[in-house]
1. What residue, among those in the range 239-277 that are closer than 28 Å to Phe414 by Cβ and among the polar types (S, T, N, Q), is surrounded by the most Cβ atoms within 10 Å (Cβ to Cβ)?
2. Here are the criteria: (1) in contact with a Phe, Trp or Tyr (Cβ under 8 Å, 6 or more places away or on another chain); (2) exposed (fewer than 13 other Cβ atoms within 10 Å of the Cβ). Tell me which single one Ser335 does not satisfy.
3. When Ile236 is evaluated against the numbered criteria (1) farther than 30 Å from Ile359 by Cβ; (2) open to solvent by 50 Å² or more (accessible area, probe 1.4 Å); (3) without any contact (Cβ under 8 Å) to a residue 24 or more places away in the chain, which criterion, by number, is the only one it fails?
4. Kindly provide the set of residues from the range 368-395 that are out of contact with any strand residue (DSSP E or B) (no Cβ under 6 Å at 6 or more places or on another chain) and of a type in the set (Val, Ile, Thr), ordered by number.
5. Being open to solvent by less than 100 Å² (accessible area, probe 1.4 Å), in a helix (DSSP H, G or I) and touching a helix residue (DSSP H, G or I) at 6+ places or on another chain (Cβ under 7 Å): is that true of Tyr211 here?
6. How many of the residues in the range 225-251 are under 28 Å from the mean Cα position of the chain (by Cα) and either of a type outside the set (Asp, Glu) or not in a helix (DSSP H, G or I) (or both)?
7. Out of the range 220-233, which residues are open to solvent by 40 Å² or more (accessible area, probe 1.4 Å) and touching a helix residue (DSSP H, G or I) at 6+ places or on another chain (Cβ under 9 Å)?
Amino acid sequence: MKHSIYFKYIVGYMIFAILIILGINFIIEPLVYNYHKDELGQSIYKEAYSLSQRYGKYKYDVSNEGTSYMDELSTIAFSSDSTIWIIDDTGRIACTSENYFITLYIEDIGEYFKDSYYVLGDFNGLLSSPYISSAAPIINNFKTYGYVIVNKNASYADISTTNTMNYIYIISTVILVLSLCVILIFAFTTYIPIKKITTATREYSKGNFDYDGLKIKSHNEIGVLASNVNFMANEIKSIDDKQKKFIANCSHDFRSPLTSIKGYLEAMLDGTIPPEMYDKYLNIVLSEAERLNSLTSSLLTLNTWNNSGQALDIIDFDIISVVRDTILSFEGQCSKKKITMDVTYGAKSYAVNADQIKIQQVLYNLIDNAIKFSHSNSTIYVSVLDKNEKIFISIKDNGIGISKDSINKIWDRFYKSDISRGKDKTGSGLGLSIVKEVITSHNENINVISTEGVGSEFIFTLQKSKKNSLPIISS
Ligand code: ADP
């Protein structure tokens, strides 16, 4: 949990919430207070200014007639909930809105208002609590007769600030609740699926490919990731299964010739096989050893070749010469089984672009199978034809054919159908795997058409060379 994304988001959210609370208290609240204080100062100044205009117009004699205006001031002050003073040019408070006469002086009035049109304070104790005060001069004929000072309790600014702050707190609470919802939605739509994927990959990495806890229904990027991980696990599982099967087959195919070699040698040593029979059994031992040898080289071949084509030595060569040479190498076997080769070439030569040695191996394996699984006195048809920018090579026999059950398995390593085990005791079941490897590594196709008891046809394609003609290599 400590380092999880969810934990980080929660910590991030808490930091965000704390910053919002601190920002509201230490930045926004003072700004709001200053705004309301300025607003109050402005309205007080406007009031003071309008009164000063009124008294200046009537050439008000502040010092002598101040008290006669007390009632009027009281009414104005009452309606605006303020305290109004009129001071004369000496600084004496000549008249107040509070209906009492005080002989107090405010010396050097200009000092109070030198920085701003309003001040916050209590005029050196003249006022009982902090007030916001503003002054406007009473001027007539360019002569200042005195000042109107309007004072309003500073708590008005506090009340307005509290009201505005209440709105801000409500809005901030809504923002914090909404962002918490976003975090929770994130948790359900992102974090939980990611956690499931993490758990699944941990299980798969332990080799538990049967783990089925990774079920995510969504079709977004995480859903796609989950299905890819599932797909990957299934692929690894099938590779794992194939590997186990491969090792089982491999050890079985190695064990049977070794068992017979061991058996014959022991029988010779303990005298069960008399010396006059040695020749016969040593030949069997030799053929079993050769089988082991060919099995090992087939396995090595399969191991070194891969689908990337890196191991391929692609050249331009004449496929007809290669087919002809390969068929010739089976002359002995064909005459033993009285098999005829019927060969059709679409032209004298076909230049293809492929790995010559490996294609020769493909032809060898296919013709070898065709002979092995053909009945005596039958015909094998080989054709090389040019169709749709590709060279098609077909090897067709009238042999035992392949059953429907086996047809998809013949390309698997070590696969040998039960019926073929009787016919072909020497095969390893690797020949067609090698054929498939080679053809797919060339990015070409191979297909089989077969009917049990009738025969089989293997057809594969090769890329035509871009050169039109080639020197004939051999024949
Ligand atoms: P091997 O190397 O033992 O010949 P392959 O991989 O070449 O093994 O063949 C696998 C199996 O496919 C054979 O055991 C046989 O059952 C079947 N098969 C291959 N070619 C033919 C064919 N021409 N006719 C009938 N069955 C075939």
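The values are calculated or read from the model by the stated rules, or taken from the named source; none is laboratory data. This one's a predicted model, so the numbers in the text were calculated from it and none came from an experiment. Glycine also receives a Cβ, built like all others from the backbone with ideal geometry; neighbour counts cover every protein chain displayed. Note: accessible area is taken over every heavy atom of the protein model, side chains too, but ligands, DNA and RNA are not part of it. Shrake-Rupley method; radii C 1.70, N 1.55, O 1.52, S 1.80 Å.
1. Looking only at the range 239-277, we keep the residues that are closer than 28 Å to Phe414 by Cβ, and these are 239-266.
Imposing the further condition that a residue be among the polar types (S, T, N, Q) reduces the set to 243, 249, 251, 256, 259-260.
Working: Gln243: 10, Asn249: 18, Ser251: 11, Ser256: 13, Thr259: 11, Ser260: 16.
Looking at residues that are closer than 28 Å to Phe414 by Cβ and among the polar types (S, T, N, Q), I get Asn249.
2. Of (1) in contact with a Phe, Trp or Tyr (Cβ under 8 Å, 6 or more places away or on another chain); (2) exposed (fewer than 13 other Cβ atoms within 10 Å of the Cβ), only one is false for Ser335: (1).
3. Evaluating Ile236 over (1) farther than 30 Å from Ile359 by Cβ; (2) open to solvent by 50 Å² or more (accessible area, probe 1.4 Å); (3) without any contact (Cβ under 8 Å) to a residue 24 or more places away in the chain leaves (3) as the failure.
4. Ile371
5. Working: open to solvent by less than 100 Å² (accessible area, probe 1.4 Å): yes; in a helix (DSSP H, G or I): no; touching a helix residue (DSSP H, G or I) at 6+ places or on another chain (Cβ under 7 Å): yes.
It is false that Tyr211 is open to solvent by less than 100 Å² (accessible area, probe 1.4 Å), in a helix (DSSP H, G or I) and touching a helix residue (DSSP H, G or I) at 6+ places or on another chain (Cβ under 7 Å).
6. We begin by selecting, within the range 225-251, every residue under 28 Å from the mean Cα position of the chain (by Cα); these are 225-240.
The next check asks that each one be either of a type outside the set (Asp, Glu) or not in a helix (DSSP H, G or I) (or both); those that pass are 225-234, 236-239.
The total comes to 14.
7. So in the range 220-233, the residues open to solvent by 40 Å² or more (accessible area, probe 1.4 Å) come out as 220-221, 224-225, 227-228, 230-232.
Within the range 220-233, Asn220, Leu225, Asn230, Met232 meet the criteria.
For every residue, the table says whether it meets (1) surrounded by 13 or more Cβ atoms within 10 Å (Cβ to Cβ); (2) aromatic (Phe, Trp, Tyr).
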| site | (1), (2) |
| --- | --- |
| Tyr6 | yes, yes |
| Ile20 | yes, no |
| Ile28 | yes, no |
| Leu31 | no, no |
| Asp38 | yes, no |
| Ile44 | yes, no |
